[in-house]
Amino acid sequence: MIIRKAARIFYQKKYLWALLSGFSAVGALPPFYIIPCLVIAFSGIVFLLDRAESKTQAALTGFWFGFGFFSLGLSWVSNALLIEGMGFEALAPLPPLGFGLWGGMFVAVAGLIAWFFKKGLRRLIAFSAVWGILEWVRAWLFTGFPWNLIASVWTNWPEMMQTAAIWGSFGLSVLSVFVAGLPALIHSKKESVKVILSMILIFFGLLGFGSWRLGTAPAQDDTINGVLIRLVQANIPQGKKWSADEAEQNLMKHVHLSRTAGAEKVTHVIWPETATQFLLIDDAFARAMVTSALTPGSILLAGSLRREQKESDVKLFNSIVALNDLGVFLGSYDKSHLVPFGEYVPLSEIFPFIRKLTPVAMDFSTGSGVKTTVIPRTLPVGMLVCYEVIFPGQVAEKQTRPYWLLNVTNDGWYGISAGPHQHFAAAQMRAVEEGLPLARAANTGISGMIDAYGRVTAVLELGRQGIVDAGLPRRTNKPTLYAKYGNKIPLLFCLILLVVAAIPYKRQRN
């Protein structure tokens, strides 16, 4: 009976259109960048919210929009369960369903709150503001997962990203949702002219500010003298990456790529997350192989497992380790924002039968948090492992500002899909927000160098094996406003919008 009732609710056209609107929004995300899809999506949800007859209908409308957006936008996660030999194939339908339910709840809250505001412009303002607040909530609730922030739709156009240096991705998301939802307010020819003019003015306002900021920025080829970074992308299939029979071969693949033409000019070699099964600090054989990857005076920064043992207490870290050309350990960074079910099992004491998706048996330990790492012959660097790069305002130490950011990852889990493109776009947004260049090395997809304005200066695309040699772009002379004040700026902006939308305020009735 409950299932039949749920089916009747779903098949009402308003919820079907909400679902389709959510699907449409995915078309604007990387790697598609079809911006009209964003207009269709958010005009659709605002149109439906204005016609909701009760709080319940408003919440359900938001839920189905969110279900569509997050289930389709994160459907690529299922590829991680289809890796040969992992034994999780039967669970592949769960990520789209789980992310749809999870994301749907956030947008249900946005729809519910927006319903209390007057229809039309005030409701659109309120919905946009709440959307931004909930993107922020997604960044920390249940350890956080701020994937596919709406601001990422602009990462293909550097000019359109630049306001993120002021109010971060959350602020840019709010404005994007607002502009995309404006066509829902068109009820007459006169209103259509006002709406179109408003959209054009805001669009060209963003474009104008971005063009001005980039016009005052250093040229993309203006890099720091004496620093040449080699990013190694070995493109090892995930099914072979942890095979014991392939361990030595995989290590040598990284070594050979590191030594290809031009190696004598390279100062820093970067290997991706968990580049090898060997623990580079502890394993003498692996360390000897590493030294053959480096020319005199150069340094390796490699994703590697790192072990600490004090008596019977053993801890395992997902780390970045630094070694010189003599194999001497220079320093490390331990990942602090771990992936639930990938690097540790939440509530494992209560549910001991649940196991991690990764082949390493024991849970990883948490590092000490974001910090600026100082390594000999290296400019102070902020290191980030895998999806640590997706968290706005949490990628660089404020007290000691680094000169650059380094992100190592393994997107091989997700195959040839939208996931690696979305991950790379998040890295671009962090560079703009912090005013810091970012070097990114992936096992596969996508390795590259991003300057402090989000512009890609060198790239090796998804699914390719090879290296990228790139100079290190300069950081901005001063921290950006967002780097200084963080999420206080977008949250204050959202609160101001809610006040504007509520005055004068008349509560809608059922």
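Here are some conditions: (1) part of a loop (DSSP other than H, G, I, E, B); (2) farther than 29 Å from Leu112 by Cα. Glu433 meets all but one. Which one does it not meet? With (1) part of a loop (DSSP other than H, G, I, E, B); (2) farther than 29 Å from Leu112 by Cα applied to Glu433, the lone miss is (1). Scanning segment 373-431 for residues that are open to solvent by 20 Å² or more (accessible area, probe 1.4 Å) and basic (Lys, Arg) yields Arg377, Lys398, Arg401. Condition check for Pro146 on (1) open to solvent by less than 10 Å² (accessible area, probe 1.4 Å); (2) in a helix (DSSP H, G or I): one failure, at (2).
Cβ-Cβ contacts under 9 Å between residues 6 or more apart (or on different chains), taken from a first residue in segment 171-193 that is charged (D, E, K, R) to a second residue that is open to solvent by 10 Å² or more (accessible area, probe 1.4 Å), are listed as Glu191/Leu185.
Return the residues of segment 99-114 that are open to solvent by 10 Å² or more (accessible area, probe 1.4 Å) and either in contact (Cβ under 8 Å) with a residue 60 or more places away in the chain or under 11 Å from Phe67 (Cβ atoms) (or both); say none if nothing qualifies.
Of all residues in segment 99-114, those open to solvent by 10 Å² or more (accessible area, probe 1.4 Å) come to 99, 101-102, 105-106, 108-109, 112-113.
Answer for segment 99-114, where residues must be open to solvent by 10 Å² or more (accessible area, probe 1.4 Å) and either in contact (Cβ under 8 Å) with a residue 60 or more places away in the chain or under 11 Å from Phe67 (Cβ atoms) (or both): Phe99, Leu101, Trp102, Met105, Phe106, Ala108.
Looking across segment 37-80, the residues that are open to solvent by less than 10 Å² (accessible area, probe 1.4 Å), in a helix (DSSP H, G or I) and among the aliphatic types (A, V, I, L, M) come down to Leu38, Ala41, Ile45, Val46, Leu49, Ala58. If a residue must be in contact with a strand residue (DSSP E or B) (Cβ under 6 Å, 6 or more places away or on another chain), under 22 Å from Ala470 (Cα atoms) and among the β-branched types (Val, Ile, Thr), how many such residues does segment 396-443 contain? The total comes to 2.
Return yes or no: is Val395 within 21 Å of Asn443 (Cβ to Cβ) and not polar (S, T, N, Q)? So Val395 fits the description; yes.
Conditions tested, residue by residue: (1) open to solvent by less than 50 Å² (accessible area, probe 1.4 Å); (2) out of contact with any Leu (no Cβ under 7 Å at 6 or more places or on another chain); (3) closer than 25 Å to Thr378 by Cβ.
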residue: Ser243; (1), (2), (3): yes, yes, no
residue: Ala247; (1), (2), (3): yes, yes, no
residue: Lys253; (1), (2), (3): no, yes, yes
residue: Thr260; (1), (2), (3): no, yes, yes
residue: Lys265; (1), (2), (3): no, no, yes
residue: Thr276; (1), (2), (3): yes, no, yes
residue: Leu280; (1), (2), (3): yes, no, yes
residue: Asp283; (1), (2), (3): yes, yes, yes
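From the residues in segment 432-445 that are closer than 20 Å to Thr216 by Cα and touching a residue at least 60 places away in the same chain (Cβ under 8 Å), which one is surrounded by the most Cβ atoms within 10 Å (Cβ to Cβ)? Step by step, filter segment 432-445, then rank; the result is Val432. Scanning segment 119-143 for residues that are crowded, with 24+ Cβ neighbours inside 10 Å and of a type in the set (D, E, K, R) yields a total of 2. Once segment 79-105 is narrowed to residues that are at pLDDT 95 or above and of a type in the set (Gly, Ala, Ser), the residue that is farthest from Asn410 (Cα to Cα) is Gly104.
Out of Ala483, Ala458, Ala452, I need the residue that is open to solvent by less than 40 Å² (accessible area, probe 1.4 Å) and touching a Lys or Arg at 6+ places or on another chain (Cβ under 6 Å). Which one? Spell out the reasoning first.
On the way: Ala483 fails: touching a Lys or Arg at 6+ places or on another chain (Cβ under 6 Å); Ala458 fails: touching a Lys or Arg at 6+ places or on another chain (Cβ under 6 Å).
Residue meeting the stated conditions: Ala452.
Against the conditions (1) among the basic types (Lys, Arg); (2) touching a residue at least 40 places away in the same chain (Cβ under 8 Å); (3) assigned to a strand (DSSP E or B), Arg213 satisfies every one except (3).
Within segment 271-306, the set of residues being in contact with a Lys or Arg (Cβ under 7 Å, 6 or more places away or on another chain) and not acidic (Asp, Glu) comprises Leu279, Leu280, Ile281, Ala293, Ile299.
In a loop (DSSP other than H, G, I, E, B), under 18 Å from Val232 (Cβ atoms) and either modelled with pLDDT of 95 or more or in contact with a helix residue (DSSP H, G or I) (Cβ under 6 Å, 6 or more places away or on another chain) (or both): does that describe Ala322?
no
Taken across segment 81-91, residues that are surrounded by fewer than 21 Cβ atoms within 10 Å (Cβ to Cβ), free of Cβ contacts under 8 Å to residues at least 12 places away in the same chain, on the phi > 0 side of the Ramachandran plot and not in a helix (DSSP H, G or I) do occur, with at least one present. Can you say whether Gly412 is part of a helix (DSSP H, G or I) and at negative phi, as far as the supplied structure shows? It is true that Gly412 is part of a helix (DSSP H, G or I) and at negative phi.
Rundown of residues vs (1) open to solvent by 40 Å² or more (accessible area, probe 1.4 Å); (2) at pLDDT below 95; (3) assigned to a loop (DSSP other than H, G, I, E, B), yes/no style:
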residue	(1), (2), (3)
Leu301	no, no, no
Gly331	no, no, no
Gly342	no, yes, yes
Ile350	yes, yes, yes
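Considering each residue of segment 167-174 in turn, none proves to be surrounded by fewer than 21 Cβ atoms within 10 Å (Cβ to Cβ), of a type outside the set (Lys, Arg) and modelled with pLDDT of 95 or more.
The values are calculated or read from the model by the stated rules, or taken from the named source; none is laboratory data. This is a predicted model, so every value here is computed, not measured. Cβ coordinates were reconstructed from backbone atoms using ideal geometry, including for glycine residues, and neighbour counts include every protein chain displayed. Areas reflect the complete protein model, heavy atoms only, side chains present, ligands, DNA and RNA absent. Shrake-Rupley method; radii C 1.70, N 1.55, O 1.52, S 1.80 Å.
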